[in-house]
Amino acid sequence: MKLKCLLLLGLSLAISVSAEVATNMTDAYLLQTMLPLAQQFCSKAGMTNFTQINTNQVKRYRREDFNDRPGCMADLTLTNKYHFSSHTEKDRSEIWIFQQNQQKSYYSLNDAPVEKIKAVQALLKQNKLNEKKALVLARKYFTSLGHDEKNFRPPEIIQGYWVSGNIKYPSGRLPAYTVTWYRKDVTKEQLNPMTGEVYRQPSIDIAVSGIDSSLISYHKNFLPIGSDF
């Protein structure tokens with residue numbers, strides 16, 4: 001009897017999960033806003049393999065509506081691990097985060113076996129970029145995604161890296177570069193890392209791959225929907 005009850009409970013949970021997934025796949029925001037936004041983002045970024053994104057490619061999706069105003073935040077992950085976050089205020093929407101999750105600009109390998117550390121360490125051998133070339137590439141994505149450099153301070157660039165707790169292999173560089181543009185109204189004082197304010201400033205972060213020149217990630221921080229100002 002106990003086993004039967006457990007089986008029935010498992011079946012009930014499976015049906016509940018299936019129903020939730022089915023509901024998510026027919027969510028009006030997903031179909032009418034989220035998928036078109038993701039497809040438009042991919043088109044602007046030159047991802048020619050994504051001319052059409054449909055529900056068959058959806059791995060995870062969730063939406064959170066605002067309680068005090070019309071609008072929502074939503075997250076979409078595709079089966080190829082591409083992740084998108086959208087922001088909607090009334091009738092305005094945009095993708096404000098993209099992460100491909102196939103290449104990274106940072107690895108924490110504190111509990112990783114030596115084999116994993118060596119595999120990540122070896123990625124640098126595939127690097128085809130330096131800082132100058134990476135900046136040119138990041139600018140291409142920056143412009144194609146609708147931003148204007150005249151609205152920002154000079155860009156800052158850092159090369160990706162990995163760290164581990166292994167004394168023999170403590171850290172190393174990655175074939176990835178992150179370029180940050182702070183909006184021109186951000187002051188030097190606000191960018192002082194000692195104040196802690198730098199993480200709350202209007203900015204664009206773009207990470208690019210030194211392996212295949214792809215867009216690794218895009219973050220739009222504290223900027224209006226659809227514009228720099």
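Based on Cα contacts under 8 Å between residues 6+ apart, the chain shows a relative contact order of 16 percent. The solvent-accessible area of residue 97, taken with every protein chain present and a 1.4 Å probe, is close to 30 Å².
Here the simple spin-label model places points 7 Å from the Cα toward Cβ, and for residue 32 and residue 62 these points are separated by 2.4 nm. Mean separation of Cα pairs under 8 Å and 6+ residues apart, divided by the residue count of the stretch 154-229: what relative contact order is that in percent? The normalised contact order for the stretch 154-229 reaches 24 percent. Distance from the alpha carbon centroid of the stretch 26-63 to that of the stretch 152-229 works out to 25 angstrom. Distance between the modelled labels on residue 97 and residue 185, one decimal in nanometres: 2.5 nm (7 Å Cα→Cβ projection).
Per residue, what accessible area does the stretch 24-124 have, given a 1.4 Å probe and all protein chains present, in Å²? Computed with neighbouring chains in place, this is 58 Å² per residue.
Taking each of 44/220; 184/220; 104/168; 44/140 in turn, the alpha-carbon distance tops 18 angstrom for 104/168.
Rounded to the nearest 20, the size of the Cβ-charge dipole of the stretch 33-74 about its Cα centre is 140 debye, with Lys and Arg at +1 and Asp and Glu at -1.
Between helix 131-144 and the chain there is an angle of about 50 degrees, using the helix long axis and the longest principal axis of the Cα atoms. Computed over the stretch 29-92, the P(r) tail beyond 20 angstrom holds 25 percent of alpha carbon pairs.
Counted residue by residue at 0.36 nm each, then reduced by the alpha carbon distance between them, the extension gain from residue 136 to residue 47 reaches 30.3 nm. Computed with a 1.4 Å probe on the full set of protein chains, the accessible area for residue 47 sits at about 30 Å². The residue list 49, 227, 194 was ranked by how far each Cα lies along the charge dipole of the chain toward its positive end, using unit charges on Cβ atoms, and 49 comes out on top.
Dividing the summed helix terms, -39500 (n - 2.57) for each DSSP H run of n ≥ 4, by the number of residues in the chain produces a 222 nm estimate of -8000 deg cm²/dmol to the nearest 500. If R0 is 25 Å, the Cβ-Cβ spacing of residue 171 and residue 122 corresponds to a FRET efficiency of close to 0.95. Projected onto planes of every orientation and averaged, the convex hull of the alpha-carbon atoms in the stretch 65-141 covers 8.5 nm².
Rolling a 1.4 angstrom probe over the chain with all protein chains present gives an accessible area of which 54% lies on carbon and sulfur atoms. The heavy atoms of residue 62 offer some 120 square angstrom of accessible surface to a 1.4 angstrom probe. The residues 114, 186, sorted by heavy-atom accessible surface at 1.4 Å with ligands and nucleic acids left out, run 114, 186 from largest to smallest.
Calculate the FRET efficiency for residue 115 and residue 199 from the Cβ-Cβ distance with a Förster distance of 41 Å, rounded to the nearest 0.05. FRET efficiency, residue 115 to residue 199: 0.75.
The values are calculated or read from the model by the stated rules, or taken from the named source; none is laboratory data. The structure displayed is predicted, hence computed values, not measured ones. Neighbour counts are summed over all protein chains in view; Cβ atoms, including those assigned to glycine, are modelled from backbone coordinates with ideal geometry. Note: areas computed on protein heavy atoms with side chains; ligands, DNA, RNA excluded. Shrake-Rupley method; radii C 1.70, N 1.55, O 1.52, S 1.80 Å.
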